[in-house]
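Structure first, commentary second.
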């Protein structure tokens with residue numbers, strides 16, 4: 001079994017808004033890497049001001065040429081002064097740092113200049129380890145002292161959630177602290193092995209603003 005299935009291009013209007021999967025990236029040996037938009041979700045995203053991803057301007061087309069080259073523009077530049085810190089933060093396997101597909105999966109292709117991210121549908125294999133982020137913090141408003149780096153979190157599958165068929169609630173003991181990020185949450189419905197979640201990094205100002213989590217099997 002491969003480490004990941006498809007990668008989803010996810011968009012949201014801004015911080016605190018719901019994430020919407022607007023496209024999917026598929027790859028295999030025979031057909032290479034391909035990208036296409038998810039038409040049903042585009043309708044919803046367009047209501048909030050969605051504009052196509054740069055490099056994939058035509059929303060009714062399946063892209064099969066230069067897809068990895070286009071996606072590579074989202075990846076870290078090797079001349080960065082803090083490259084080692086970046087690799088450490090995202091738990092990058094240094095032997096795979098030149099593999100653009102792996103790097104897109106591991107670092108989510110996040111940029112401070114737009115509202116896109118690339119979220120992989122991970123498969124439940126032993127040794128899997130990646131960084132995700134707690135969703136829903138802006139609505140819950142949790143005091144900054146509630147959790148600390150290194151805390152182990154518990155989870156509960158949230159069957160019947162109106163917004164995500166694969167929703168997963170997160171808890172620090174009895175305190176509800178949010179959800180596993182969209183798409184990453186699917187792993188918890190497939191896993192046959194124990195999943196561990198630890199608090200990896202915190203951004204706070206009186207309340208928790210962003211909390212990154214280390215997910216491993």
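Below is a table of values for the structure above.
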{"read-out": "Once the Cα gyration tensor of segment 16-135 is diagonalised, semi-axes √(5λ) in Å", "value": "25, 18, 15"}
{"read-out": "Helix-only [θ]222 nm of the chain, DSSP H runs n ≥ 4, -39500 (n - 2.57) each, per residue, nearest 500", "value": "-4000 deg cm²/dmol"}
{"read-out": "Prolate/oblate/rounded call for segment 166-213, Cα gyration tensor, a/c under 1.5 rounded", "value": "prolate"}
{"read-out": "Shape call, segment 125-217: gyration tensor on alpha carbons, a/c limit 1.5", "value": "oblate"}
{"read-out": "Relative contact order [Cα under 8 Å, 6+ residues apart], segment 1-123, whole percent", "value": "32 percent"}
{"read-out": "Relative contact order computed over the chain (Cα-Cα under 8 Å; 6+ residues apart), in percent", "value": "19 percent"}
{"read-out": "Inter-label distance, nm, simple model (7 Å from Cα along the C-beta direction), residue 91/residue 31", "value": "3.0 nm"}
{"read-out": "Antiparallel DSSP beta bridges within the chain, as percent of all bridges there, nearest 5", "value": "100 percent"}
{"read-out": "Of every Cα-Cα pair in the chain, the percent that sits beyond 31 Å", "value": "19 percent"}
{"read-out": "Gyration tensor (alpha-carbon) shape descriptor, segment 12-79, a/c threshold 1.5", "value": "oblate"}
{"read-out": "Alpha-carbon centroid distance for the pair segment 177-217 / segment 95-121, whole angstrom", "value": "17 Å"}
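Every read-out reported here was derived from the displayed coordinates using simple, explicitly stated rules and does not represent laboratory data. What you are looking at is a predicted structure, and each value in this text was computed from that prediction instead of being measured. All Cβ positions, glycine included, derive from the backbone under ideal geometry; neighbour counts span all protein chains shown.
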